[in-house]
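Chemist: Sending over a structure as structure tokens; questions will come in a sec.
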Amino acid sequence: MSLPTLPDAEAQCVALAELIRPKLQPDTMLVGIHSGGVWIARRLSELLGLPGEIGLIDVSFYRDDFGEKGLHPQVKPTSIPFEIEARHLILVDDVLYTGRTTRAAINELFDYGRPASVKLAVLADRGGRELPIYAEFCTWQVQLDESKELVLEPDASGRLQWRCVDHA
């Protein structure tokens, strides 16, 4: 399988905001999954003109492979600076693959309360689902070999960009 042409991640954020805009509820809040999802959620909050802070979530302690992999060396704190109970949430991540990170994030969110709804927004969906999870908002469907990983990162100026890494 050849490497796909990597899209402009900043343009994807703009497109994602336009997909989300018509579905926003007055009390919708964004929660970004560390780290790529947090960067995207911040961009979306600016683009959508949302008031208040976004939520930040690190699923390290909620992963079902925590026992196998251990603690990620760069655990970030979870910060949910708003009430979750009965609120509409958009969970934001960079890549949806197996669905396990999303499941872990939802488990953690429910420790903070019971939201009215949780919708998922991602820049890239690479298929390969192991759980019945889908992204309601997505800008790029991509097929990659299992040995490849999509990495979203900011460049020196802070612009988001994609990189494809080979794990073989």
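Coordinate-derived values only; no laboratory data. From a predicted model like this one, the values you see are computed outputs, not experimental measurements. Counting neighbours? That spans all protein chains shown, and the Cβs are built from the backbone with ideal geometry, glycine included.
Chemist: With springs only between Cα atoms under 10 Å, which of Ala86, Ala17, Ala41 fluctuates most in a Gaussian network model of the chain?
Modeler: Ala86
Chemist: Would you mind checking which residues have amide H under 5 Å from Glu136's amide H? H placed 1.01 Å from N; only 5 or more apart, or other chain.
Modeler: Placed amide hydrogens put Leu120 under 5 Å from Glu136.
Chemist: Using θ = phi - 60° and the Karplus form 6.51 cos²θ - 1.76 cosθ + 1.60, what ³J(HN,Hα) does each residue of the range 126-135 get, whole Hz, x for Gly and Pro?
Modeler: The phi angles translate into 9, x, x, 4, 10, 10, x, 10, 9, 9 Hz.
Chemist: On to the next question. Which net charge results when you count Lys and Arg as +1 and Asp and Glu as -1 among the other residues whose beta-carbon is under 9 Å from that of His167?
Modeler: Values: positive: Lys148; negative: Glu146, Glu149, Asp166.
Value of the local net charge: -2.
Chemist: Work through the residues other than Glu83 whose Cβ is under 12 Å from its Cβ and net out their charges, Lys, Arg +1 and Asp, Glu -1.
Modeler: Numbers: positive: Arg87, Arg114; negative: Asp27, Glu85.
Cβ neighbours under 12 Å give a net charge of 0.
Chemist: Now a separate question. So for the pair Glu18, Thr5, with labels modelled 7 Å out along Cα→Cβ, what separation do we get in nm?
Modeler: Label at Glu18, label at Thr5, 1.8 nm between them.
Chemist: Right, something else. How big is the C-alpha Rg of the chain next to the rule-of-thumb value 2.2 N^0.38 Å, as a ratio? It would help to have the intermediate numbers written out before the result.
Modeler: Working: Rg = 15.4 Å, N = 168, 2.2 N^0.38 = 15.4 Å.
The reported ratio for this selection is 1.00.
Chemist: Still on this structure, please answer the following. In a GNM of the chain with a 10 Å cut-off on Cα contacts, which of Pro22, Pro51, Pro154 has the highest mean-square fluctuation?
Modeler: Pro22
Chemist: Whole-Hz ³J(HN,Hα) for each residue in the range 20-35, computed from phi via Karplus 6.51 cos²θ - 1.76 cosθ + 1.60 with θ = phi - 60°, x for glycine and proline: what do you get?
Modeler: My calculation for the range 20-35 gives 6, 3, x, 9, 5, 9, x, 9, 5, 10, 9, 10, x, 8, 4, 9 Hz in order.
Chemist: Next up: Under 24 Å from the Cα of Lys76, which lysines turn up, not counting those fewer than eight places away in the same chain?
Modeler: Cross-link targets: Lys119.
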